[in-house]
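Below is one structure, written out as structure tokens, with a few remarks after it.
The values are calculated or read from the model by the stated rules, or taken from the named source; none is laboratory data. For clarity, every value in this text was computed on a predicted model and none was experimentally measured. As a convention, Cβ positions derive from the backbone with ideal geometry for all residues, glycine included, and neighbour counts pool all protein chains shown.
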């Protein structure tokens with residue numbers, strides 16, 4: 001009898017250990033999605049999931065989701081450090097009537113999105129391609145984001161609105177057909193630090209790149225280099241800062257700002273807001289530069305500001321050495 005009890009107790013202990021271990025082993029450092037996958041799968045290489053939302057719950061914090069083959073992988077909400085890397089395939093995110101990617105992570109979390117095609121090309125437009133609320137940093141690399149024309153306060157290809165201090169890096173990406181291409185608008189005491197390089201922000205319905213100080217005390221600093229902010233209906237690159245708003249700065253280096261609307265290739269509206277430009281071309285716009293309500297545009301003196309319907313202040317009001 002004692003032997004029977006011993007083996008029964010051992011069986012109970014082994015069964016309990018299985019249940020204790022299972023949750024820890026449920027999340028993998030690398031998971032996979034496929035256009036022919038299934039979210040009931042473990043998201044392994046040989047049994048991939050169907051959607052990013054299905055894979056993210058099975059991916060450990062700091063892990064990576066990869067795409068095996070082309071597919072439409074659906075909208076996703078990210079609440080932890082993660083990399084979604086699909087640069088070698090067509091990785092579609094259709095976001096009709098919703099956000100393509102929402103990021104609401106911890107203050108130390110870094111998120112990487114690489115090789116995604118976030119497209120709201122439908123009768124019902126998307127709210128935002130990417131909406132960032134919280135996290136340490138977001139890297140957007142080799143992505144296409146288009147068709148997000150939801151009503152304000154939405155309608156951005158990338159809406160970067162951190163409530164704390166956060167960084168945004170956009171590299172080698174195309175952002176078009178939205179209302180605002182990239183809108184930098186931290187909330188509360190949030191501080192935004194933004195770097196955009198080798199990207200095209202074109203043919204958006206309002207502004208290409210806009211920094212907005214509404215409802216914010218922390219301010220923002222944005223740098224855009226080796227890029228194009230062109231063909232946007234209103235302004236190419238703009239700042240709007242309401243009275244009493246925080247310090248907002250945009251550095252423009254080696255950027256083509258062409259064929260934008262009457263609001264200005266470069267537009268600064270409000271005090272405590274400055275655009276600094278060097279080695280850039282401002283041409284073909286309805287208005288080359290617009291300085292309103294105490295804003296400032298500073299030039300390093302090596303730009304081409306010409307060929308606009310009206311060039312505006314040329315050189316801009318505050319020359320830099």
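Things to note:
- Qualifying residue in the stretch 298-315 (condition: under 22 Å from residue 192 (Cβ atoms), touching a strand residue (DSSP E or B) at 6+ places or on another chain (Cβ under 8 Å) and surrounded by 22 or more Cβ atoms within 10 Å (Cβ to Cβ)): no
- Any hit, the stretch 277-288, residues being outside any strand (DSSP E or B), modelled with pLDDT under 95, out of contact with any helix residue (DSSP H, G or I) (no Cβ under 9 Å at 6 or more places or on another chain) and surrounded by fewer than 16 Cβ atoms within 10 Å (Cβ to Cβ): no
- Selection within the stretch 99-126 - part of a loop (DSSP other than H, G, I, E, B), at pLDDT 95 or above and either within 15 Å of the chain's Cα centre (by Cα) or surrounded by 21 or more Cβ atoms within 10 Å (Cβ to Cβ) (or both): 99, 100, 105, 109, 115
- Applying a threshold of 8 Å to beta carbon distances and a minimum spacing of six or more residues, or different chains, the list of pairs starting in the stretch 306-321 at a residue that is farther than 20 Å from residue 271 by Cα and ending at one that is at pLDDT below 65 and surrounded by 13 or more Cβ atoms within 10 Å (Cβ to Cβ) reads 306/314.
- Flag: residue 96 matches the condition of being in a loop (DSSP other than H, G, I, E, B) and modelled with pLDDT under 95.
- Meets criteria (under 19 Å from residue 114 (Cα atoms) and surrounded by fewer than 24 Cβ atoms within 10 Å (Cβ to Cβ)) for residue 176: yes
- Among the residues making up the stretch 273-284, those that are under 26 Å from the mean Cα position of the chain (by Cα) and closer than 14 Å to residue 229 by Cβ are 275, 277, 280, 281, 282.
- Residue within the stretch 59-68 that is crowded, with 16+ Cβ neighbours inside 10 Å and under 15 Å from the mean Cα position of the chain (by Cα) present: no
- Every residue from the stretch 58-80 that is at positive phi and outside any strand (DSSP E or B): 74
- Counting only strands (runs of 3 or more DSSP E) that sit wholly inside the stretch 201-260, those with at least 3 residues that are in contact (Cβ under 8 Å) with a residue 12 or more places away in the chain, surrounded by fewer than 23 Cβ atoms within 10 Å (Cβ to Cβ) and within 20 Å of the chain's Cα centre (by Cα) are 220-230.
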